[in-house]
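Notes for the one structure printed next.
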Amino acid sequence: MAEASNIGSKSSRWSLQGLTALVTGGSKGIGYAIVEELAGLGARVHTCSRNEAQLNESLHEWSAKGYHVTGSVCDMASRPQREDLIAKVSGLFNGKLDILVNNVGTNFQKETTEVTEEDFRFLVSTNLESAFHISQLAYPLLKSSEAASVVFISSIAGVVSVDMKGTIYSAAKGAINQLTRNLACEWAKHNIRTNCIAPGPIKTSLAERVLNLDGEAKLVDAFVSRTPLGRMGEAGEVSSIVAFLCMPAASYITGQTICVDGGLTVNAV
């Protein structure tokens, strides 16, 4: 049984000062907001992106703000590139990682009967296999931390059925939610906490592409009409919860899937 960690002073409980973090897919959208949130709270962050130009632009922006953020080009759908990423992180952070945020994910709209074998492999590899494998690879680094935190970015599509023609995406995100529970129990003996955030509709480029059918905001309107808070969420409203889960103040929270969705998943209307 893992012993309770020293939660420290009030100020240190609400800080990430001096901690190390890896955020996958951090050059845009929710990932960008997470990198900025963690770095703004004092963490040293490494992130990755498939798009080198976009990554370099983001790194320049963070450097101008005085944040300690590094980055590397990595296609998270590639096993060898995931291995190279962890080797890079291990070297940067001297073999210790305090925070791992598995953020990478993608989706496209397609009827279930039209999904091809290639579609299936791509969606499962990007949304599930990459997060599973990078967690495996990061395990020795997380174990070296006195109190590590893993956060998966899932989706409400993995919690409830949503009308977005994304059956494989939803299945992969549901698997992420269960992966969170299993790792929370399996890795607790090393004081590695594992939690999951399931965002609802958030204003990002991916959401705009997936939710807007034929240039019409049909799904956006449908989601918003069922959301008690009556609007889409902002990326910063997701990143703040991620940061909290990585803080010493959240030291007794593990195995949870938290929906950040304006109340959408609890509304039966």
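Name, by its number, the condition in (1) open to solvent by 30 Å² or more (accessible area, probe 1.4 Å); (2) farther than 14 Å from Gly25 by Cβ; (3) touching a Cys at 6+ places or on another chain (Cβ under 6 Å); (4) not acidic (Asp, Glu) that does not hold for Gln81.
(2)
Could you list all residues from region 139-173 that are part of a helix (DSSP H, G or I), buried (at least 21 other Cβ atoms within 10 Å of the Cβ) and touching a Leu at 6+ places or on another chain (Cβ under 6 Å)?
Residues satisfying the conditions are Leu141, Leu142, Tyr169, Ala172.
Counting only residues that are over 19 Å from Ser161 (Cβ atoms) and surrounded by fewer than 20 Cβ atoms within 10 Å (Cβ to Cβ), how many does region 103-116 have?
Number of matching residues: 2.
From the list Asp75, Asp119, which one is within 24 Å of Ser205 (Cα to Cα), of a type outside the set (A, V, I, L, M), more than 21 Å from the chain's Cα centre (by Cα) and open to solvent by less than 70 Å² (accessible area, probe 1.4 Å)?
Asp119
Pick out the one residue from Ser27, Ser63 that is buried (at least 20 other Cβ atoms within 10 Å of the Cβ) and over 26 Å from Trp187 (Cα atoms).
Ser27
For region 174-205, enumerate the residues that are hydroxyl-bearing (Ser, Thr, Tyr) and crowded, with 23+ Cβ neighbours inside 10 Å.
Of everything in region 174-205, those that are hydroxyl-bearing (Ser, Thr, Tyr) and crowded, with 23+ Cβ neighbours inside 10 Å turn out to be Thr180, Thr194.
Quick one: count up the residues across region 169-219 that are acidic (Asp, Glu) and either closer than 25 Å to Leu245 by Cβ or modelled with pLDDT of 95 or more (or both).
1
Surrounded by fewer than 21 Cβ atoms within 10 Å (Cβ to Cβ), more than 24 Å from Ala33 (Cβ to Cβ), of a type in the set (Gly, Ala, Ser) and modelled with pLDDT of 95 or more - does that describe any residue in region 220-236?
No; the residues of region 220-236 include none that is surrounded by fewer than 21 Cβ atoms within 10 Å (Cβ to Cβ), more than 24 Å from Ala33 (Cβ to Cβ), of a type in the set (Gly, Ala, Ser) and modelled with pLDDT of 95 or more.
Being open to solvent by less than 50 Å² (accessible area, probe 1.4 Å), small (Gly, Ala, Ser) and outside any helix (DSSP H, G or I) is the filter here; which residues of region 247-269 pass it?
Matches in region 247-269: Ser251, Gly255, Gly262, Gly263.
The values are calculated or read from the model by the stated rules, or taken from the named source; none is laboratory data. Everything numeric in this text was worked out from a predicted model, so none of it was measured. All Cβ positions, even for glycine, are placed from backbone atoms using ideal geometry, and neighbour counts span all protein chains on display. The protein model used for the area step is the full one, side chains on, heavy atoms only, and it has no ligands, DNA or RNA in it. Shrake-Rupley method; radii C 1.70, N 1.55, O 1.52, S 1.80 Å.
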